[in-house]
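Student: Pasting in a structure now, in structure tokens, and then I'll have a few things to ask.
The values are calculated or read from the model by the stated rules, or taken from the named source; none is laboratory data. The model shown is predicted, which means the values in this text are computed figures rather than measured ones. Reconstructed Cβ throughout: ideal geometry from the backbone, glycine too, with neighbour counts over all protein chains shown. Surface accessibility is based on the protein's heavy atoms, side chains included, excluding ligands, DNA and RNA. Shrake-Rupley method; radii C 1.70, N 1.55, O 1.52, S 1.80 Å.
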Amino acid sequence: MKVEMNLDNDSNNLVQAPTNGNSEKLSPSTLSSLLGSKDRDYLLCSTAAAAETDQQVKISDLEGKVIGIYFSANWYPPCRNFNRVLIGVYEQLKSNGSNFEIVFVSSDEDLDAFNNYRENMPWLSIPFSDLETKKALNRKYDVESIPCLVILQPDNTKDDDTYYDGVELIYRYGVDAFPFTKEKLDELRREEKRKHDSQTVTNLLTNPERDYLLDQTITRKVPVDSLKGKTVGLYLSAQWCMPCVEFTPKLISIYQKIKQALQEKGGGEDFEIVFVSNDRDQSSFESYFGTMPWLALPFRDPTARTLAKYFDVQWIPCLIIIGPDGKTVTKQGRNLINLYQENAYPFTDAKVESLEKEMEEAAKSLPRSEYHAGHRHLLTLVSEGSGGGPFICCDCEEQGSGWAYQCLECGYEVHPRCIRAVTPQSSIEDRIQLDFSRQLRDVSHERFSADMATSPIPARNQANEASSKFPYKKKKERIVRQVFCF
């Protein structure tokens, strides 16, 4: 079941795996039946440890430890990204003497891929050849996506303490999440709530060594306190990230329109954006920031990492909106910009509700169906109640919600504003031209993907990830999280 986070109460957003009957204490016999087989009572130790000691570790040696069962695969980028984060947390916990162990359950395609992936893993593994145990674990913990980290407590006597989505815990809290008990997680959530309740733009953007931001010259310092009373967007982005580079010009245009409208309106209301860089080096930061008309944190300022963790940023580009009172308005600034452009300001729930009502009214005058340039099938106008809802537009590759033109044959969807109405015949001709254009674009994206694969700082494009996993029925599937970290 999925339990949603609400900072106004004691609930959380962690995924709790379903329990199968009564929980049992993790005794040697229980561990053996869980992680072993009739022919095997051991696990493979790490490749590094195998060079110095025996290649096998008795399953019974795990008794009394907190165990993370780690479902992952070398072929999937989000797994490789999370793997780097998990290694850092694991090694830190082990160096502190924590009674924590991880058991890797592979979804790799062959033995060579398994061995290559396991080379850098400092923990234990179930042998690649033991398919039955791996299948049984996947069924027992109802694993729907990878990476997945299931946490088992040594004294497993309470259903609500049994399993949590360790991937979310590691991303959100790092080593502080250990020992992953309900009491520890409640403590972390209370501390998180306290921080959000006392949040101001000053304590978000300053640290003991710095109380300023940089303007476009990069040399002039602007006091953070000058942002008090303004609506502020925190823009987490990087020049090496293709989706960021594509979104930034749009954001610049919207920013300038909002500033102009507020200036004409008068009354002292103002909007500002602060660039939080994830660039690889100073020159890339300066080059990218040089295209932007707003403020920025200094390159590699520690506050950037703190903000990404504090707001649980999962991908870039990301636009977080802070209200004039210093409290968080929304983390969905990018999506609201894509949906409503400058009309999204000030990004509040009341404003979004008003815009949704306007969209409902506007939809009444839209054609019930259209042929769209770039798609051969007829598209039908649908609402959230009739098959619409959150989706990734197949034309502009940005998120949409509510009304959409949808292909009832294959699930292709576009924003109503992205529709380019054509006759059926010209639709096919335009599709051929569009396919050719996308092939050229894909070459560029492949170069970007290859560059990303060698980068120590992974990211994801929400639209591209969705389209690569399920090209059309995007809103019907669970989007698997991919790490974003500084």
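Student: How about the stretch 249-278: which of its residues are over 15 Å from Leu234 (Cα atoms) and of a type in the set (Asp, Glu)?
Tutor: Across the stretch 249-278, the qualifying residues are Glu264, Glu269.
Student: What residue, of Asp301, Asp225, is more than 24 Å from Glu342 (Cα to Cα) and buried (at least 17 other Cβ atoms within 10 Å of the Cβ)?
Tutor: Asp301
Student: Let me ask another. How about the stretch 116-137: which of its residues are free of Cβ contacts under 8 Å to residues at least 60 places away in the same chain and either within 17 Å of Leu149 (Cα to Cα) or surrounded by 15 or more Cβ atoms within 10 Å (Cβ to Cβ) (or both)?
Tutor: Tyr117, Phe128, Lys134, Lys135, Ala136
Student: Looking at the stretch 181-197, I want the residues that are more than 21 Å from Asp325 (Cβ to Cβ) and have a partner that is open to solvent by 50 Å² or more (accessible area, probe 1.4 Å) and of a type in the set (S, T, N, Q) with Cβ atoms under 8 Å, at least 6 apart or on another chain. Which pairs are those?
Tutor: none
Student: Within the stretch 138-147, is there a residue that is open to solvent by 10 Å² or more (accessible area, probe 1.4 Å), in the same structural domain as Ile69 (by the TED database), assigned to a helix (DSSP H, G or I) and in contact (Cβ under 8 Å) with a residue 60 or more places away in the chain?
Tutor: Yes, the conditions are met somewhere in the stretch 138-147.
Student: Something else about it: Can Gly266 be described as within 25 Å of Gly400 (Cα to Cα) and either open to solvent by 10 Å² or more (accessible area, probe 1.4 Å) or not charged (D, E, K, R) (or both)?
Tutor: No: the conditions fail for Gly266.
A quick yes/no check of all residues on (1) touching a residue at least 40 places away in the same chain (Cβ under 8 Å); (2) on the phi > 0 side of the Ramachandran plot; (3) among the small types (Gly, Ala, Ser):
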position: Asp301; (1), (2), (3): yes, no, no
position: Lys309; (1), (2), (3): yes, no, no
position: Gln314; (1), (2), (3): yes, no, no
position: Lys331; (1), (2), (3): no, no, no
position: Glu342; (1), (2), (3): yes, no, no
position: Ala350; (1), (2), (3): no, no, yes
position: Ala363; (1), (2), (3): yes, no, yes
position: Leu366; (1), (2), (3): yes, no, no
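Student: Specify which of the listed residues (Val175, Val201, Val150) is under 30 Å from Arg80 (Cα atoms), open to solvent by 10 Å² or more (accessible area, probe 1.4 Å) and β-branched (Val, Ile, Thr).
Tutor: Val175 is the lone residue from the list that is under 30 Å from Arg80 (Cα atoms), open to solvent by 10 Å² or more (accessible area, probe 1.4 Å) and β-branched (Val, Ile, Thr).
Student: For Gly402, indicate whether it is out of contact with any strand residue (DSSP E or B) (no Cβ under 7 Å at 6 or more places or on another chain), open to solvent by less than 50 Å² (accessible area, probe 1.4 Å) and at pLDDT below 80.
Tutor: Taking the combined requirement at face value, the residue satisfies it.
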